[in-house]
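A.B. asks: The structure's right below; bear with me while I get my questions together.
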Amino acid sequence: MDQTFVMFKPDCIERGLLTKVMSRFEDKGLRLVALKMLRVTPELAKQHYAEHVEKPFYPSLESFITAAPVVAAIYEGLDVVRVVREMLGATSGLKAAAGTIRGDFSASRQMNLVHASDSAESAAREIGIYFSEKEIVAWEPRCDDMLRAADEA
Ligand code: CMP
């Protein structure tokens, strides 16, 4: 089963949208295997967003991501990296399609509510930044038999 890293950003927490957005992933049948609330420090932000540190928007991104708590999560599922990215929609809420999380709840490029890994390699890196092995809970939901056929795994 694939894993992806998801972060519910400060705007999601401040706007009281956390459970509404998380319910999209529950409704989809994705398996939550780790969850915690934390405050992103400037150092952590630079590690997470290493590829953006030199970009002009980075100072603003760092101020935003450190401004309020975030909730970090790991989800499992078949092809979960792609599935979650498609559920989020385009980076900018102004461009994201209606029906996606950003398309329905965000009108901003920066305040786009949720971060999700863009590849299996990013997922492994980001999970390693935010979670230790012992914080990840392996479990088999009883209803898995009703979510997909055995030969789809
Ligand atoms: P995320 O998917 O977390 O990845 C990097 C984040 O930087 C992105 O979501 C946005 O919050 C932010 N971002 C990306 N591009 C821009 C931009 N051009 N201007 C401001 N913020 C951006």
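The values are calculated or read from the model by the stated rules, or taken from the named source; none is laboratory data. Not measured: the values here are computed from a predicted model. Methodologically, a virtual Cβ is constructed for each residue, glycine included, from the backbone with ideal geometry; neighbour enumeration extends over all protein chains shown. Surface areas here come from the heavy atoms of the whole protein model, side chains and all, with no ligands, DNA or RNA. Shrake-Rupley method; radii C 1.70, N 1.55, O 1.52, S 1.80 Å.
A.B. asks: Provide the FRET efficiency to the nearest 0.05 for the Asp144-Asp118 pair, computing r from the beta carbons and using R0 = 30 Å.
C.D. replies: It comes out at approximately 0.70.
A.B. asks: Under a cut-off of 28 Å between alpha-carbon atoms, report the lysines in cross-link reach of Lys46, not counting same-chain residues fewer than 8 places apart.
C.D. replies: The qualifying lysines are Lys9, Lys36, Lys55, Lys95, Lys134.
A.B. asks: Within the accessible area of the chain, what % is carbon and sulfur when the probe is 1.4 Å and the other protein chains stay in place?
C.D. replies: Its accessible area is 54 percent carbon and sulfur atoms.
A.B. asks: Mind listing which GluC sites (Glu not before Pro) in segment 19-107 are in a DSSP loop and have 11 or fewer other Cβ atoms within 10 Å?
C.D. replies: Loop-located and lightly packed - Glu54.
A.B. asks: Still on this structure, please answer the following. Would you please state the base-10 log of I(q)/I(0) at q = 0.10, 0.13, 0.16 1/Å for the chain, with intensities from the Debye formula using one equal scatterer on every alpha carbon?
C.D. replies: -0.34, -0.59, -0.89
A.B. asks: Ignoring ligands, DNA and RNA, what accessible area per residue does segment 54-122 give at 1.4 Å, in Å²?
C.D. replies: 46 Å²
A.B. asks: Sticking with this one: Only sites in a loop by DSSP and with at most 14 other Cβ atoms within 10 Å count here; which trypsin sites (Lys or Arg not before Pro) in segment 64-100 make the cut?
C.D. replies: Lys95
A.B. asks: Which log10 I(q)/I(0) values, to two decimals, does segment 102-147 give at q = 0.25 Å⁻¹ under the Debye formula with one point per Cα?
C.D. replies: Scattering profile of segment 102-147, log10 relative to I(0): -0.90.
A.B. asks: Follow-up question, since we're still on this one. Are there GluC sites (Glu not before Pro) in segment 92-153 that DSSP marks as loop and that have at most 12 other Cβ atoms within 10 Å, and which are they?
C.D. replies: Hits after loop and neighbour filter: nothing returned.
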